[in-house]
Amino acid sequence: MKSASASGIEYSLIRSRRKTADIVIERDGRVVVRAPETVPAEQIADIVDAKQFWIYRSLAEWRDLNATRVLREFRDGEGFLYLGRAYRLRLVSGQRKPLSLRDGRFLLRRELAECGDPEAARAAFRNYYVERGRERIGTRVAYFAPKAGVSPTSTEVRELGNRWASCSPEGRLAFHWKCLMAPLSIIDYIVVHELCHLHHQDHNDAFWNEVDKVLPEYRQRKEWLRVHGASFDL
């Protein structure tokens, strides 16, 4: 990944085996350009220049959406998302597992929240989402793959930085553990999105046509994720 700028816009450039250039605003507000390996840097700068109005508008929307970002604390009564629903947290003693979900509450071992290092509690939640995500997302991939007409080689749930999911040219799918905070309908959209990348790596019209074949209402789910995704954090 290289850093570059055009028309006063700083962006990260990622080259890969794709056919067209694509500009995205990542969840941390970074501008990322994904481009074919053969396109000259000058041409990429021209593409960014031509899309500068869209980029500035998208960055403004990103700032508005993140202005109300929720910073959660690991204390009794705090709400944490799982499959689109908020569950209150209760700190407990003597629990074998670091974190569990019972009787409509997240139960976190008290020492993880009171050890003075919030990363211990965050790790408990991340591990919970990863563990549950392997089964939940794996099941949805198995359900939608035949409908999309593809056969992914593997599926995993892990930390993906600022991406919801990824798809390698070899058919390996990866999903961010934060996907488990979203409603099931949104998880299905993310799954279908990545499966259709096995047909087209780019976000071109042909790609969105494939998504539409499997999930005709994808536009509403895509917009929901854009608006609410900023709240999926620990």
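The values are calculated or read from the model by the stated rules, or taken from the named source; none is laboratory data. Everything numeric in this text was worked out from a predicted model, so none of it was measured. All Cβ positions, glycine included, derive from the backbone under ideal geometry; neighbour counts span all protein chains shown. Side chains included, ligands, DNA and RNA excluded: accessible areas come from the protein's heavy atoms. Shrake-Rupley method; radii C 1.70, N 1.55, O 1.52, S 1.80 Å.
Considering only the stretch 6-48, state which residues are in contact (Cβ under 8 Å) with a residue 40 or more places away in the chain, open to solvent by 50 Å² or more (accessible area, probe 1.4 Å) and within 25 Å of the chain's Cα centre (by Cα).
Result: 17, 19, 20, 27, 28, 30.
Which of the residues belonging to the stretch 133-160 are under 22 Å from residue 183 (Cβ atoms), open to solvent by 30 Å² or more (accessible area, probe 1.4 Å) and touching a Leu at 6+ places or on another chain (Cβ under 6 Å)?
Residue satisfying the conditions is 155 alone.
Going by the structure shown, is residue 168 farther than 25 Å from residue 101 by Cβ, among the small types (Gly, Ala, Ser), out of contact with any Ser or Thr (no Cβ under 6 Å at 6 or more places or on another chain) and modelled with pLDDT under 95?
yes
Filter the stretch 185-212 down to residues that are free of Cβ contacts under 8 Å to residues at least 60 places away in the same chain and open to solvent by 60 Å² or more (accessible area, probe 1.4 Å) and give me whichever is farthest from residue 37 (Cα to Cα).
209
Output the number of residues of the stretch 141-157 satisfying the condition of being in contact with a strand residue (DSSP E or B) (Cβ under 6 Å, 6 or more places away or on another chain) and not in a helix (DSSP H, G or I).
Result for the stretch 141-157: 6.
Determine which single condition residue 227 fails, assuming it passes every other condition in (1) without any contact (Cβ under 8 Å) to a residue 60 or more places away in the chain; (2) hydrophobic (A, V, I, L, M, F, W, C); (3) in a helix (DSSP H, G or I).
(1)
If you go through the stretch 154-165 one residue at a time, do you hit one that is over 25 Å from residue 206 (Cβ atoms) and over 16 Å from the mean Cα position of the chain (by Cα)?
no
Between a residue in the stretch 161-184 that is open to solvent by 20 Å² or more (accessible area, probe 1.4 Å) and any residue that is of a type in the set (Ser, Thr, Tyr) and in a loop (DSSP other than H, G, I, E, B), which pairs come within a Cβ distance under 7 Å, given they are 6 or more apart or on different chains?
Close Cβ pairs satisfying both conditions: 170/153; 172/153.
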